[in-house]
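For reference, the structure discussed in these notes is given below.
The values are calculated or read from the model by the stated rules, or taken from the named source; none is laboratory data. Just so we're clear, the structure is a prediction, and the values are computed from it rather than from any experiment. Heads up, the Cβs are rebuilt from the backbone with ideal geometry, glycines too, and the neighbour counts pull from every protein chain shown.
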Amino acid sequence: MNLQRKLQQLLRSLVQPLTAVLIGLLTGAVAISIVGASVLETYKVMWDGAFGNFYFVTATLARATPIILIGLGLAIAFRAGVFNMGAEGQMVLGAVSAALAALYVPGSGIIKMLSALVAGFLAGGLWSLLAGWMETRFKVQLLISTLLLNYVAVLFAGYLVSSPFQDKSGSAALAQTHMIDQAAWLPKLFQGMSVHMGFVIAIVLAIILYIILRFTSAGYEVRMLGYNPFFAEYGGINKIKVLLFSMFFSGGIAGLAGTVEVLGSQYRYVEGSLTVPGYAWTGLMAALLANSNPLGTAVAAIMLAALQTGAMGMERNTEVPLEIASVIQGVLILFVTAKITMNWWKVKKKAGDIHGAA
Amino acid sequence: MTYRLEMKEMTKKYGEFLANDEVSIQLKKGEVLAIVGENGAGKTTLMRMLYGLEQPTSGEIKLNGKTVKFSGPLDAIENGIGMVHQHFMLFSDFSVTENIVIGHEPKRNGFFDRKEAAEKVKALSEQYKIHVNPLKKAGDCSIGEQQRIEILKVLYQGADIIILDEPTAVLTPIEVEELLKTIQFLAEQGKSIILITHKLPEVMKVSGQITVLRNGKVTGNVLKQNTDIEQLATLMVGRELQKLTDRNQLEGEPLLVIDNLNIGVKEAKPILDHLSLTVNRGEIVGIAGVSGNGQSELIQAISGLRKIDSGSIRLGETILNGKSVAYIRNAGLAHIPEDRYLWGAAKEASVEETGLMGYYRKKKFNQSSFIRLNGFRKLVRGWIERFEIKTTSLDEKSGNLSGGNLQKLIVARELGFETDFLIAAEPTRGVDIGAMEYIHEAIIAKRNNGDGILLVSSELTEILTLSDRIAVMYEGKIVDILDRNDATEERLSVLMAGGNENESSTKTTTTA
Ligand SMILES: Nc1ncnc2c1ncn2[C@@H]1O[C@H](COP(=O)(O)OP(=O)(O)OP(=O)(O)O)[C@@H](O)[C@H]1O
Ligand SMILES: [Mg+2]
């Protein structure tokens, strides 16, 4: 009976994201037939591009790694009821700090790696904490401050690698740091495949976060704050403390996303390498699609990554343009934002009628 | 003759749970139908189906003999059905007029015609004798006024059938009187009204016909002239009500001591003005007052939810002012909040999670910061049994509980802390008479146990039955404290309106 209820609940929570994906795929199908290709065949090619053989599977998982981490970071903030829109900046600052730590902290490879992980986490976390602090101290809206801080972070990181820490050894002086010592790299999971230890970190973190949110008092406080801040305060939850902690971990994990990209696949910080693929926004979508459930976020992130790698495969092998993937993603975004708008509307209404009985 | 409204064998299932089981009601033009019944009996559910907010599992709705189906509230409104929500749905930044005409604004050259709107609202307000100030911001209106806005909005939309779901729960006694008059007047004008309430005297005053629901079924349908309060109560709870337990005489030492408390000193009218009050052990101190005279702020100050400007609050030996909510709760305070949806619960959270608030910090339920759910569940199940809280499971969303059942859950949670001191603000708001009796018993038992209780209630009868002493609040001050034996409804009313006891009643008529 209880199990059945749980299953029902699980299914119900899956209905919405699955419908979103289904409608996304249907819209994609329409677009594909408009350009005159066979829908089934194109989707088959896409599937193969994402999961067709072991190599593609690992490529998909590699791409999913930063998206999962970003999504997890955002999920924490959303659960606490704060709208952290600053994942991109937090990720980039994390990445550049990690690269610099790996380059300049003295010691063995493992020490370099660990200090890079710590530095990346701290940089992202503190950057995000800054926005949280401005909100609690000066009532600067988080939604806006985090968005604006993105620009600051990305430009600052760009400055660091284009002048003081630039690798000038190469012929085409790119805006990037030197390459970090191979001993500090995150190991690949399989020889010759792109997926690296960062993926394991992401999955383990998803599980840990799930457990924390569900079974611990800290998780309870975060969730109640997100559900109803008045209730949380009334019950003795320290709103400010929980908000700041949530923001710190949220940004820290986003920083980690940048860090594992640096340590596991780029081996240096390259300007634009994290912003151009739009990891932050895909991660945002993953968290929203999964309603900020950590495990769901991981799954959604892998799905979205597959959509992207699959689309690349499609472009390699068919006449259908890459943009089809954007169409599908666009529909997903539409769904997700519709959901947010509705929730926002409800909250807004609630704020208007705080009196009354039932 | 045909009825204006007939609902026939309406059934609503939530999963396996039958919220309404073949419920039928009829309503004629100009008639007031009261629907009464225990918490969770299915009253709100039935009305939500009528208003198109919920689709019936089976059943038929007929308007003037014609079968209708509503896909949403807009459909229902179109067909002349209006609902005044328990939670007002007003836009607080908009004016009264704008709130009333929203959705059906009068237009000139395609633009909102503010002047005509204001005139229309004024005319409507005069026609139905419902007083509002059309230009005021809705957010600045008192609760009674907000409700009048809702009623006018429904009338403006052309409703012939008006649903009022527990409209008096939040009103002051004077506002209740006014509302009942309005209901009668509307009925005289040919409107049909469905009134849901737990207060049987109100039912006897305005309704013609009374339908009693229990466990989703109709258990009685009587005409007012053929029944009385006792019979209705029995029909509702299936047993007769008992007299409250006697209170033993206690001479307790001071427990909660508030000294010279001030809030909002910089404002034109201070919110709390040099307020001093003591609650002794083994004593219930009731606070009477028209809402908005500082009661909410006083409660919030004691429980740590609001900063104070000066003064001190002590609980036993512990100083409470300036301390965090968690610290204060730890020091021995529990708190039934006045608004269960704002403070008392999170609608999205499960029943278990709503119950867990506060307990998750206790050693017994917390093992190295992992919550021990198994032990806690036993506790919640105990509450559910004792307070007869109707819920399908512990995983049910709190927001899906009926209003009264959620209230009972919150009361159970706060009593469960077994603290020395309890703030009980509107402890029985929205609960049925059986549950009210039970909650009153529990509060008195707590008192007899030597604990102190501060009771805040807009129900004078509740204050009078429970309190040992009654403090009357007016404009942030305690204007008088009466002993239980000296207090009467009349004396309290005079004091609540700002009148001085020694002055004659002429003062009351001018200020009230
Ligand atoms: N969306 C829902 N999902 C599951 N159960 C529900 C839902 N809505 C209502 N219920 C259940 O249906 C029953 C009837 O609820 P309803 O709100 O109609 O009661 P009520 O008679 O209005 O009670 P009250 O006097 O406390 O307001 C309750 O037990 C409630 O828990
Ligand atoms: Mg109800």
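Just a few scattered comments:
- Some residue of region B:346-353 being of a type in the set (S, T, N, Q) and within 16 Å of ligand 1 (Cβ to nearest atom): yes
- Complete set of residues in region B:16-26 that are more than 7 Å from ligand 1 (Cβ to nearest atom) and surrounded by fewer than 21 Cβ atoms within 10 Å (Cβ to Cβ): B:16, B:18, B:21, B:22, B:24, B:25, B:26
- As a summary of the residue check, residue B:167 satisfies the conditions (1) touching a His at 6+ places or on another chain (Cβ under 9 Å); (2) within 16 Å of ligand 1 (Cβ to nearest atom); (3) not aliphatic (A, V, I, L, M) except for the one numbered (1).
- Candidates in region B:369-387 are the residues that are surrounded by fewer than 16 Cβ atoms within 10 Å (Cβ to Cβ) and farther than 23 Å from residue A:3 by Cβ; of these, the one that is farthest from the other protein chains (Cβ to nearest Cβ) is B:386.
- For region B:363-391, a tally of residues being among the β-branched types (Val, Ile, Thr) and more than 16 Å from ligand 2 (Cβ to nearest atom) returns 3.
- Any chance residue B:343 is more than 13 Å from chain A (Cβ to nearest Cβ), closer than 18 Å to residue A:235 by Cβ and aromatic (Phe, Trp, Tyr): no
- Pairs, first at the interface with chain B (Cβ under 9 Å from one of its Cβ atoms) in region A:204-222, second in a helix (DSSP H, G or I) and of a type in the set (D, E, K, R), C-beta under 7 Å, six or more apart: A:217/B:361
- Flag if residue B:32 is under 19 Å from residue B:82 (Cβ atoms), assigned by TED's automatic domain parsing to the domain that holds residue B:206 and at pLDDT 95 or above: yes
- Test: residue in region B:410-426 that is away from chain A (no Cβ under 13 Å), buried (at least 24 other Cβ atoms within 10 Å of the Cβ), part of a helix (DSSP H, G or I) and not aromatic (Phe, Trp, Tyr): yes
- Selection within region B:6-18: residues that are modelled with pLDDT under 95 and among the hydrophobic types (A, V, I, L, M, F, W, C). The member of this set that is farthest from residue B:62 (Cα to Cα) is B:17.
- Total residues in region B:317-346, condition in a loop (DSSP other than H, G, I, E, B) and buried (at least 17 other Cβ atoms within 10 Å of the Cβ): 9
- Strands (runs of 3 or more DSSP E) fully within region B:37-142 counting 1 or more residues that are within 16 Å of ligand 1 (Cβ to nearest atom) and either within 14 Å of another protein chain (Cβ to nearest Cβ) or surrounded by 22 or more Cβ atoms within 10 Å (Cβ to Cβ) (or both): B:81-84
- Failed item, numbered, when residue A:336 is tested on (1) modelled with pLDDT of 80 or more; (2) crowded, with 16+ Cβ neighbours inside 10 Å: (1)
- Some residue of region B:393-407 being of a type in the set (Lys, Arg) and within 14 Å of chain A (Cβ to nearest Cβ): yes
- Checking each residue in region B:156-199 for being within 16 Å of ligand 2 (Cβ to nearest atom) and hydrophobic (A, V, I, L, M, F, W, C) picks out B:163, B:164, B:169, B:170, B:194, B:195, B:196.
- The residues listed here are B:98, B:6, B:54, B:78; of these, the one that is closer than 30 Å to residue A:8 by Cβ and out of contact with any Ser or Thr (no Cβ under 6 Å at 6 or more places or on another chain) is B:54.
- Only residues that are at the interface with chain A (Cβ under 10 Å from one of its Cβ atoms) and either assigned to a helix (DSSP H, G or I) or among the aliphatic types (A, V, I, L, M) (or both) were counted across region B:347-368, and they come to 9.
- Under the condition of being away from ligand 2 (no atom under 16 Å from the Cβ) and touching a strand residue (DSSP E or B) at 6+ places or on another chain (Cβ under 8 Å), the residues counted in region B:76-93 number 7.
- Region B:179-272 holds strands (runs of 3 or more DSSP E) entirely within its bounds, and those carrying 3 or more residues that are within 27 Å of the chain's Cα centre (by Cα) and either surrounded by 15 or more Cβ atoms within 10 Å (Cβ to Cβ) or without any contact (Cβ under 8 Å) to a residue 12 or more places away in the chain (or both) map to B:192-196, B:209-214, B:217-223.
- Filter result for the condition that a residue is under 30 Å from residue A:167 (Cβ atoms) and free of Cβ contacts under 8 Å to residues at least 60 places away in the same chain, over A:105, A:92: A:105
- Residue tally, condition under 17 Å from residue B:392 (Cα atoms), touching a strand residue (DSSP E or B) at 6+ places or on another chain (Cβ under 7 Å) and within 16 Å of ligand 2 (Cβ to nearest atom), over region B:19-42: 5
- Selection of region A:74-100 for residues being of a type in the set (Gly, Ala, Ser) and within 21 Å of residue A:272 (Cβ to Cβ) yields A:86, A:87, A:89, A:94, A:95, A:97, A:98, A:99.
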